[in-house]
Structure formats: structure tokens, C-alpha cells
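Working notes, structure below.
The values are calculated or read from the model by the stated rules, or taken from the named source; none is laboratory data. Just so we're clear, the structure is a prediction, and the values are computed from it rather than from any experiment. A quick note on method: Cβ atoms are made from the backbone with ideal geometry, for glycine too, and the neighbour counts reach across all protein chains shown. For the accessible areas, the whole protein counts, side chains as well, though only heavy atoms, and no ligand, DNA or RNA atoms are used. Shrake-Rupley method; radii C 1.70, N 1.55, O 1.52, S 1.80 Å.
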Amino acid sequence: MTSEPPMSESTASPQRPATAPVRPLAGIKVVELGALIAGPYAAAILAQFGAEVIKIEPPGTGDALRTWRKLHAGTSLWWRSQSRNKKSVTVNLKSPRGQEIVRELVRDADIVIENFRPGALEAWKLGWDDLSAVNPALIMVRISGYGQSGPYKDRPGFAAIAESMGGLRYVTGYPDRPPVRAGVSIGDTLAGLYGVIGALLAMHHLKVNGGRGQFIDVALYEAVFGVMESLIPEFAAFGHVRERSGASLPGIAPSSTYPCRDGGYVIVAGNGDSIFKRLMHAIGRPDLAEDPRFARNDGRARESDLLDAAIAAWTSQHDLAHVLRVLDAADVPTGPIYTAADIYADPHYAARGMIERHTQADGTPIAIPGVVPKLSATPGGTAWLGPDLGAHTEEVLATIGITGDELTRLRRDAVV
């Protein structure tokens with residue numbers, strides 16, 4: 001694998017925006033409260049598409065994400081990526097003057113995004129009732145572990161717990177082993193995505209139907225539960241509890257991970273009716289291709305072990321590269337299991353601009369994921385990397401009249 005594949009080029013600095021086309025959310029002002037993943041992830045998407053995102057961070061320490069995972073010069077590379085295009089403003093939310101500053105910033109904001117435990121913002125007079133009184137057109141995205149209501153609302157909630165309560169953990173892994181987690185905080189990112197959807201729906205409603213703003217209540221566990229497909233309908237109708245099924249997709253066949261002769265693994269999705277036939281012919285099993293029992297998915301699902309064994313018997317006789325060539329020629333959806341190194345070297349990622357190259361303030365290069373989704377006329381983009389702590393405090397506070405001696409006094413008093 002090459003160590004320096006072609007990537008999307010950029011010379012955007014961490015602090016100074018590069019010239020960019022008009023983004024679809026240009027003119028939208030977002031105030032981001034909270035920290036770590038779910039709320040900031042939602043705000044990150046809006047920032048990538050042109051919204052002015054003012055990220056409020058505690059003075060001195062900042063968002064805890066700044067020190068999560070691998071660091072460069074004391075700052076997380078994850079931070080530089082996720083916080084691209086945001087403006088960092090330090091404000092002490094526990095200070096009455098800091099609370100006043102936030103209310104002033106919200107006065108002309110379109111969206112507020114927060115992911116504190118329910119009741120925390122209310123204690124600081126920054127809850128929905130407080131902020132909507134300042135700005136009746138405000139849209140507020142509220143992300144928490146269990147939602148703003150219900151008997152569990154006061155519990156602390158992280159993605160790991162949400163993925164368990166939402167049903168995902170129980171069905172993930174192999175039946176003879178304990179449940180496992182995905183390698184990323186999928187509960188947080190799902191909640192962030194739902195938060196963005198809610199904010200855009202509410203903005204559209206406000207524009208088309210008028211009236212007041214509203215708040216969007218996103219619970220981490222509900223974001224996970226919302227993607228659990230037929231889990232509950234099957235239980236309600238048949239009392240069926242879906243169990244862990246390893247690498248296969250339960251009730252949909254054949255679709256699994258199969259071993260190759262050289263120690264590699266291949267993913268094969270042969271679950272479409274016509275795809276299944278092509279797959280069976282490609283592996284030298286025309287008998288299975290033409291067997292009427294396997295003409296539809298329900299018949300194949302009943303014999304998934306037999307079909308998986310037939311596919312594995314063929315793949316295990318060949319190296320991964322050969323398997324991929326044969327199945328690709330047969331137009332069967334298939335692929336290897338990519339590591340970070342595979343992604344970094346892949347020409348399709350490069351051609352699609354999905355790996356961007358930027359330069360950090362000290363001149364060190366950094367590669368970050370490209371923006372998703374891709375809009376044909378008004379695409380998103382990266383204007384600058386995640387900023388240093390408080391890099392935009394002076395600029396943003398000047399917009400609400402805080403400058404000079406007052407700013408100096410607020411910094412002395414650790415308000416900002």
C-alpha cells in the first residue's frame with residue numbers, strides 16, 4: 001500500500017477561512033453548547049454546509065474532545081476534524097455574566113444545539129423557556145441520553161448505554177460470546193444526525209408556515225432504536241427475539257463474511273434474487289442457482305447455513321484478490337474489509353474527494369474525512385480546521401458590543 005495516495009488538496013489554515021463557494025446554509029447562525037460528540041457532531045454538519053457555528057467552550061479547558069484519542073501538539077486530531085469551520089468562544093456558563101452573554105448571542109441566532117443532561121441549562125437560566133423568550137423564532141436541538149421527559153430523563157447517558165438500551169448491542173456479535181460494540185460511538189452520531197434532520201425540518205416549517213420556533217428532543221437511545229429495522233414488529237407479532245448472528249444478516253441470505261485462502265476475508269451480499277443466481281454460477285454451483293427452493297429470499301433464509309457453507313467452500317480455495325476479481329466480473333456486490341490504511345490508499349476515496357489534505361498552524365499536514373453528502377450546486381466544504389481554544393472570542397463578542405476594557409475585565413474574572 002502506498003503511504004501518500006492522491007488526496008483532495010487544500011491549503012486552508014486552521015484559523016483563517018479559505019475562499020469558498022456559497023454554501024447552502026450561509027447566513028444561518030448556530031450557537032453550540034455542550035461537548036464531546038452528539039451535539040457537536042450535529043453542529044459540525046451544519047458548519048460544513050456554511051452555517052456560522054459559534055461553539056461555546058469553558059475557559060481554560062475547552063471541550064473534552066480536544067484531548068481524546070491521538071494528539072498532535074497537545075490537541076486531538078479528532079477535534080481538528082470534527083470542529084472544522086466552527087468559531088471557538090470561551091464563556092463560563094456557570095457565571096451569571098456568562099449566561100447573559102449566551103442569551104445575547106442567541107438573540108439573533110437561528111439554532112441552538114445542546115447536549116447537557118436535562119435540567120442543567122434550566123439551572124443556568126439557559127433552558128428552552130429562557131432562550132425562546134429572548135428569540136421566539138429560535139430552534140433548539142436538545143440531545144440527551146433519555147430525552148427531556150420520562151422516568152429516566154435525569155440519568156446520565158452516553159452512547160454505550162444508548163446502544164444497549166436501543167437494542168443494538170444485544171444483536172451485535174456472535175451467539176456464543178457476550179455482546180460487543182461497534183468501534184465508533186454510533187449512538188452519538190445517529191443522535192447528531194437526527195438532530196440535524198429535526199433542525200432543518202423546523203427551519204422549513206418556520207419559513208413556510210410561520211409562527212414561533214420549537215425545540216427538538218433527541219434521545220440517544222431513541223436514535224439507536226430508530227434504526228433497528230423490524231426488531232419490534234417481529235417481537236410484537238411472533239414473540240421473536242432477534243439474537244446475535246455473527247457476520248451474517250439474519251433472515252436475509254446469503255450475506256456474510258467468508259474466509260479466503262490467504263487469510264483475508266471477503267464480504268459477499270448475494271441476497272438479491274438475480275444476484276444470487278449469478279453468485280452461484282460464479283462459484284461453480286449452478287445446481288443451487290436453479291434450485292426452486294432458493295428462487296426467493298424466504299427460501300434462501302431457511303437454508304442460510306447450507307448456502308454459507310457452499311460460498312465459504314469456494315472462497316477458502318482462493319486468495320482474496322482472485323475472489324474479488326471473479327465476483328466483480330459476475331456483478332455480485334462484494335468487497336474486502338478495509339482498515340484505515342486501505343481507506344487512505346484507495347483511489348476511489350481520492351477521486352471522490354473523501355480524504356482532504358490540510359495544513360495545521362505549525363505546518364504539519366493533516367488528513368481528514370471529506371464532507372457528506374455531496375450537493376451538486378452548493379456543496380459543503382472545509383474552510384478551516386478545528387480552532388484553538390477561544391480563537392474567535394474577541395471577534396464574536398465584538399458583535400454584541402463587548403470589546404476593550406470590558407473584554408479584559410471578563411477575561412480577568414474568568415467569565416470568558
Can you tell me which residue within segment 337-381, out of those that are within 20 Å of Thr75 (Cβ to Cβ) and among the polar types (S, T, N, Q), is surrounded by the most Cβ atoms within 10 Å (Cβ to Cβ)? Gln360
Count of segment 181-216 residues which are over 16 Å from the mean Cα position of the chain (by Cα) and either surrounded by 20 or more Cβ atoms within 10 Å (Cβ to Cβ) or under 20 Å from Gly39 (Cα atoms) (or both): 8
In segment 54-100, what residues are at positive phi and among the hydrophobic types (A, V, I, L, M, F, W, C)? Ala73
Answer yes or no as to whether Leu385 is crowded, with 19+ Cβ neighbours inside 10 Å, among the hydrophobic types (A, V, I, L, M, F, W, C) and closer than 30 Å to Glu104 by Cβ. yes
Note on Leu397: of the conditions (1) crowded, with 19+ Cβ neighbours inside 10 Å; (2) part of a loop (DSSP other than H, G, I, E, B), unmet is (2)
Based on what the data block shows, is Ser76 within 18 Å of the chain's Cα centre (by Cα), crowded, with 20+ Cβ neighbours inside 10 Å and more than 15 Å from Val396 (Cβ to Cβ)? yes
Please tell me if Gly167 is under 30 Å from Ser248 (Cα atoms), surrounded by 24 or more Cβ atoms within 10 Å (Cβ to Cβ), under 19 Å from the mean Cα position of the chain (by Cα) and in contact (Cβ under 8 Å) with a residue 24 or more places away in the chain. no
In segment 222-268, anything over 28 Å from Asp331 (Cα atoms) and either part of a strand (DSSP E or B) or of a type in the set (Phe, Trp, Tyr) (or both) is listed as Phe225, Phe235, Phe238
Residues that are open to solvent by 20 Å² or more (accessible area, probe 1.4 Å), assigned to a loop (DSSP other than H, G, I, E, B) and within 21 Å of Val196 (Cα to Cα), drawn from segment 43-67: Gly50
If the Cβ limit is 7 Å and pairs must be 6+ apart or interchain, which residue in segment 278-294 that is touching a residue at least 12 places away in the same chain (Cβ under 8 Å) pairs with which residue that is aromatic (Phe, Trp, Tyr) and open to solvent by less than 80 Å² (accessible area, probe 1.4 Å)? Ile283/Trp314; Gly284/Trp314; Leu288/Phe294; Phe294/Phe276
